[in-house]
Amino acid sequence: MPTKTLRIPTTDGQADAFAAFPDDGEPHPGVLLYMDAFGLRPELEEKARELAGHGYYVLVPNLYYRHGTTPVVELPEHIGDDDRPAIFAQLMPLVEAHTTERALSDADAYLRFLTAQPEVSAGPVATIGYCMGAGLAMRTAAAHPDQVAAVAGFHPGFLVTDAPDSPHRLLSELTAEVHIGLAVNDLSPEALSDLNQALDAAGVDYTTETYPDTLHGFTMSDTDAFSAAALQRHWERLLPLLERTLVKPVS
């Protein structure tokens, strides 16, 4: 499975990124994968490889590039519950610095870079996000309705907030098909209702699903929140979504 470490030009510098893609020499649909708060690391590189094995070019940018190259924050091989307070003390300033303005500017750069790669086929792309990346995937899809045909978010963070620029408030232009896979306590019933109403108003095909017996972060095998069953369910939802929206049927 070919992989690359890349530099993406942005208005604020260059974002380092990881890419994985099939080794058949043919162009394939593009997927922009947004990291969780822990950052770009082997766990996400493995998810990119898995997706690439199904026929996609997957780009995973380091969202914290303004603060340094990967790894911006050193992480243990396995992130236990006892590790989280100290890690998040380092991460939260980086998360808070990633404003909506920066996120949208970066999204422009990431999509421009992704669609220009020779290994990426013409046509729509997908945005996928984990944790805080779910909200970024949704923002990107709403800001680029002509390019993004599918958006998926898993154990989302910052997707439904009280802020005027909460992602769920900005979906009027959304055209992509959406799947949101929630951990049991990710959203309150009221917040989930707000999200569903916003998606209804956008008039798009979508599913929001609470995966049973899950904790926030359930797809990440390098954390104590990991659930093998929920990770499998995530693939069972994600892969058909990409197939429906990105892969043209053979005529």
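Quick look at the numbers
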{"quantity": "Filter pass, ARG7 being at pLDDT 95 or above, over 18 Å from the mean Cα position of the chain (by Cα) and open to solvent by 70 Å² or more (accessible area, probe 1.4 Å)", "calculated": "yes"}
{"quantity": "Region 66-94, residues that are within 17 Å of GLY217 (Cβ to Cβ), part of a loop (DSSP other than H, G, I, E, B) and among the hydrophobic types (A, V, I, L, M, F, W, C)", "calculated": "VAL73, LEU75"}
{"quantity": "From the options ALA37, ALA103, residue that is under 16 Å from the mean Cα position of the chain (by Cα), surrounded by 14 or more Cβ atoms within 10 Å (Cβ to Cβ) and more than 18 Å from GLN147 (Cβ to Cβ)", "calculated": "ALA37"}
{"quantity": "Check on ALA126, in contact with a helix residue (DSSP H, G or I) (Cβ under 6 Å, 6 or more places away or on another chain), over 14 Å from TYR34 (Cα atoms) and part of a strand (DSSP E or B)", "calculated": "no"}
{"quantity": "Selected residue (criterion: least open to solvent (accessible area, probe 1.4 Å)) from residues of region 175-206 that are out of contact with any Leu (no Cβ under 8 Å at 6 or more places or on another chain) and among the aliphatic types (A, V, I, L, M)", "calculated": "ALA176"}
{"quantity": "GLU50 being under 20 Å from GLY135 (Cβ atoms), outside any loop (DSSP other than H, G, I, E, B), open to solvent by 20 Å² or more (accessible area, probe 1.4 Å) and in contact with a strand residue (DSSP E or B) (Cβ under 9 Å, 6 or more places away or on another chain)", "calculated": "no"}
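The values are calculated or read from the model by the stated rules, or taken from the named source; none is laboratory data. Predicted model, so just to flag it, every value in this text is computed and none were measured. When we count neighbours, we look across all protein chains shown, and the Cβ atoms used for this are built from the backbone with ideal geometry, even at glycine. These area figures cover heavy atoms from the full protein model, side chains too; ligands, DNA and RNA do not enter into them. Shrake-Rupley method; radii C 1.70, N 1.55, O 1.52, S 1.80 Å.
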